[in-house]
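Enquirer: Structure below; questions to follow.
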Amino acid sequence: MEKTCDWVIHLCTNGVCDHCGETETGFHQYICNAHTHGMDKYSHLDFQLVLNFPPEEIGRILNTMGHRVRHGERFKNGDLISGIYEDCDVRLTTFDEDGRKVLRVIIPDKYNRFPEDEGCDYPYIMQGVDEEHLYHKEGIRI
Ligand SMILES: [Zn+2]
């Protein structure tokens, strides 16, 4: 697979923002708002991931989806995606992100339970909530 990406990833998480220098503390634990910009070049929705994995893992997942779009695959709400993890599929669900629609990559917990399944573990269950609920009430949005 080629290395170049003609999309960007924004990773918004708790801590000091690289771009603006302000400190974000409002996210629930283990939650972030990572998303791509640029998939519109391919007439495709951008992707989002809200589990606060290490940046390399977030990049691997979102860039894999981006490369697959560039190579001609098209994804939509409800699709189950193999090839991200060896032992389970992930699912795409449409959510709002900053006023636009994105396809959120939903990853099942270790028992293969999705957020709507009974007993889904935290933080995996948080993948089923709207963007505004990814934050504590007292959190400051940036
Ligand atoms: Zn962004």
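Any read-out appearing in this document is the output of simple, stated calculations on the displayed coordinates, not a laboratory observation. The shown structure was predicted, so the numbers you read here are calculated from the model rather than taken from an experiment. Note: ideal-geometry Cβ built from the backbone for every residue, glycine included; neighbour counts use all protein chains shown.
Enquirer: Only bridges whose two residues both fall in the chain count here: according to DSSP, what percent of them are antiparallel, nearest 5?
Expert: On the way: 20 of 23 bridges.
Bridges in the chain that DSSP calls antiparallel: roughly 85 percent.
Enquirer: Would you mind getting the Kirkwood hydrodynamic radius of the range 79-142 from its Cα pairs, rounded to one decimal in Å? Walk me through the numbers before you get to the answer.
Expert: Values: mean 1/r = 0.0776 Å⁻¹.
One decimal place: 12.9 Å for the Kirkwood radius.
Enquirer: Using only C-alpha atoms and all pairs of different ones, pull out the Kirkwood radius for the chain in Å with one decimal. Before the final figure, lay out each step's value.
Expert: Details: mean 1/r = 0.0642 Å⁻¹.
It is 15.6 Å.
Enquirer: A further question on this structure: In percent, how large is the relative contact order of the chain, given Cα pairs closer than 8 Å and 6 or more residues apart? Walk me through the numbers before you get to the answer.
Expert: On the way: 238 pairs, mean separation 31.6, N = 142.
This gives 22 percent for the chain.
Enquirer: A further question follows. Could you check the simple spin-label distance between ARG74 and ASP98, using points 7 Å along Cα→Cβ, in nm with one decimal?
Expert: About 2.7 nm separates the two model spin labels.
Enquirer: If each residue's Cβ is checked for other Cβ atoms within 10 Å, how do ILE9, ILE125 rank with the fewest at the top?
Expert: Numbers: ILE9 20, ILE125 16.
The most exposed by this proxy come first: ILE125, ILE9.
Enquirer: Let me ask something else about it. Going by C-beta contacts inside 10 Å, put HIS71, HIS37 in order with the fewest on the left. Each step should come with its number before you reach the end.
Expert: Numbers: HIS71 10, HIS37 14.
The order, fewest Cβ neighbours first, is HIS71, HIS37.
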